[in-house]
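*Asks:* Take a look at this one; I'll ask things after.
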Amino acid sequence: LGDCVNCKAGTWSSEVGAGSDSACIPCGPGRYNREAGSSTITSCTKCVEGKFNVKVGSTRVYDCKDCTKGTYQSEIGSTYCLPCYPGRFNSQAGKDACLPCDIGQYTNDSEQTQCKSCPKGNYQSGEGSTYCLPCYPGKFNSQDGKSVCSSCPIGQYTSDIEQTQCKSCPKGKHGKNS
């Protein structure tokens, strides 16, 4: 009796002359506090970028969990992670940003851990894309993940989109110079 007792780790209190531990306020979600006897909310450390914490009154930095692959968090003190949006990906846990898909790649879904290569007969010349474009008549692409389509050589042609090879001009016809 007559002793002053520290508020426990995971809490804080700025109240002078408090009569019970009910004056000790738990650190909110997205924060933790390892020290007993804290007197300000700033004693509750915010989780760093790429991590989140949903618990109230956390006492360990380990309570701040990594955002999973395909998600991110760019803010400190967060209680959640955000999905990587279509056209972006994240292949590692605990990241503060997602990366754009490379040229020749795309993803049209969220929370992706990798991008897909544009299929043969298609291309994508920009980063961060959610789709691939078809090779148009007169052009072709015989490989996945390309950034451009090639023109058919003289004496060959394509008449449809998304072609992976050109056809030779039939008998009695010839190619024209562009």
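The values are calculated or read from the model by the stated rules, or taken from the named source; none is laboratory data. Worth saying up front: this structure is predicted, and the values here are computed from it rather than measured. Every residue, glycine as well, gets a Cβ built from its backbone with ideal geometry; the counts of neighbours run over all protein chains shown. When the accessible area is computed, the model is the full protein with side chains, heavy atoms only, and any ligands, DNA or RNA have been set aside. Shrake-Rupley method; radii C 1.70, N 1.55, O 1.52, S 1.80 Å.
Residue-wise test of (1) in contact (Cβ under 8 Å) with a residue 24 or more places away in the chain; (2) touching a strand residue (DSSP E or B) at 6+ places or on another chain (Cβ under 8 Å).
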| site | (1), (2) |
| --- | --- |
| ASP102 | yes, no |
| THR113 | yes, yes |
| CYS118 | yes, yes |
| SER150 | no, yes |
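*Asks:* Further, regarding this structure: The conditions are (1) under 32 Å from the mean Cα position of the chain (by Cα); (2) surrounded by fewer than 17 Cβ atoms within 10 Å (Cβ to Cβ), and GLY138 fails exactly one of them. Which is it?
*Replies:* Unmet condition: (1).
*Asks:* Same structure, new question: Given the structure, is SER129 part of a loop (DSSP other than H, G, I, E, B), of a type in the set (Gly, Ala, Ser) and either open to solvent by 60 Å² or more (accessible area, probe 1.4 Å) or over 27 Å from PRO86 (Cβ atoms) (or both)?
*Replies:* No.
*Asks:* In the range 90-118, which residue that is surrounded by fewer than 16 Cβ atoms within 10 Å (Cβ to Cβ) and small (Gly, Ala, Ser) is farthest from the chain's Cα centre (by Cα)?
*Replies:* Among those that are surrounded by fewer than 16 Cβ atoms within 10 Å (Cβ to Cβ) and small (Gly, Ala, Ser), it is SER91.
*Asks:* Look through the range 141-171, keep the residues that are charged (D, E, K, R) and under 29 Å from GLU127 (Cβ atoms), and return whichever of them is surrounded by the fewest Cβ atoms within 10 Å (Cβ to Cβ).
*Replies:* So, considering only residues that are charged (D, E, K, R) and under 29 Å from GLU127 (Cβ atoms), the one surrounded by the fewest Cβ atoms within 10 Å (Cβ to Cβ) is ASP160.
*Asks:* Follow-up. Of the conditions (1) hydrophobic (A, V, I, L, M, F, W, C); (2) over 11 Å from the mean Cα position of the chain (by Cα); (3) surrounded by fewer than 19 Cβ atoms within 10 Å (Cβ to Cβ), LEU82 fails just one. Which one is it?
*Replies:* Only one criterion in (1) hydrophobic (A, V, I, L, M, F, W, C); (2) over 11 Å from the mean Cα position of the chain (by Cα); (3) surrounded by fewer than 19 Cβ atoms within 10 Å (Cβ to Cβ) is unmet by LEU82, namely (2).
*Asks:* If THR42 meets every condition in (1) within 30 Å of SER74 (Cβ to Cβ); (2) touching a Phe, Trp or Tyr at 6+ places or on another chain (Cβ under 7 Å); (3) surrounded by fewer than 16 Cβ atoms within 10 Å (Cβ to Cβ) apart from one, which number is that one?
*Replies:* Among (1) within 30 Å of SER74 (Cβ to Cβ); (2) touching a Phe, Trp or Tyr at 6+ places or on another chain (Cβ under 7 Å); (3) surrounded by fewer than 16 Cβ atoms within 10 Å (Cβ to Cβ), the lone unmet condition for THR42 is (2).
*Asks:* Then there's this: Among the candidates GLY37, GLY121, which residue alone is over 27 Å from SER22 (Cβ atoms) and open to solvent by less than 80 Å² (accessible area, probe 1.4 Å)? Spell out how you get there, then give the answer.
*Replies:* Numbers: GLY37 fails: over 27 Å from SER22 (Cβ atoms).
Every option except GLY121 fails the conditions.
*Asks:* How many residues are over 30 Å from ASN108 (Cα atoms), under 27 Å from the mean Cα position of the chain (by Cα) and among the basic types (Lys, Arg) if we restrict to the range 34-70?
*Replies:* 3
*Asks:* When you check GLU111 against the structure, is it in a loop (DSSP other than H, G, I, E, B), under 30 Å from VAL48 (Cα atoms) and of a type in the set (Asp, Glu), yes or no?
*Replies:* Yes: the conditions hold for GLU111.
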